[in-house]
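Heads up, the thing below is written out as structure tokens.
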Amino acid sequence: MNQGRLGEPRSRWRRWAIIGLGWTFVLLGVAGLMLPFLQGVVFLVLGLVLLASEQAWAARLLDRLKQRFPRSAAAAEAAEARAKAILRRIAERFGRSGR
């Protein structure tokens with residue numbers, strides 16, 4: 001099994017789902033920078049948070065952004081913790097239903 005950036009074992013499907021979802025949010029973020037009804041920055045950061053768990057370049061970029069914008073970093077870390085908790089609950093729910 002593959003391991004995520006944090007060292008926990010990950011299935012191939014879960015890894016690809018996280019990467020695909022991360023890139024989807026990044027693309028929505030880029031579109032949102034040009035469209036007035038989408039919050040582009042929010043989608044970009046969310047996509048980077050997801051990609052950072054699997055991709056080293058995204059983790060480095062996210063760390064640089066946290067250093068550059070320390071006020072926003074605290075809010076981003078809290079949102080990241082909430083997102084990870086939600087993803088963990090979803091994974092547990094699907095893990096139980098598949099057995």
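Details
- Count of the range 50-86 residues which are in a helix (DSSP H, G or I), in contact (Cβ under 8 Å) with a residue 40 or more places away in the chain and touching a Leu at 6+ places or on another chain (Cβ under 9 Å): 2
- Residue count for the range 1-36, restricted to those that are modelled with pLDDT under 85, surrounded by 12 or more Cβ atoms within 10 Å (Cβ to Cβ) and assigned to a helix (DSSP H, G or I): 1
- Residues of the range 52-81 that turn out to be over 11 Å from the mean Cα position of the chain (by Cα) and acidic (Asp, Glu), as a count: 2
- Matching residues in the range 82-98 - criterion: being over 13 Å from the mean Cα position of the chain (by Cα), of a type in the set (D, E, K, R) and at pLDDT below 80: Arg96
- Filter result for Val41 (surrounded by 13 or more Cβ atoms within 10 Å (Cβ to Cβ) and either over 22 Å from Ala85 (Cβ atoms) or polar (S, T, N, Q) (or both)): no
- Any chance Gln39 is at pLDDT 85 or above and among the polar types (S, T, N, Q): no
The values are calculated or read from the model by the stated rules, or taken from the named source; none is laboratory data. None of the values given here were measured: they were computed from a predicted structure. Cβ coordinates were reconstructed from backbone atoms using ideal geometry, including for glycine residues, and neighbour counts include every protein chain displayed.
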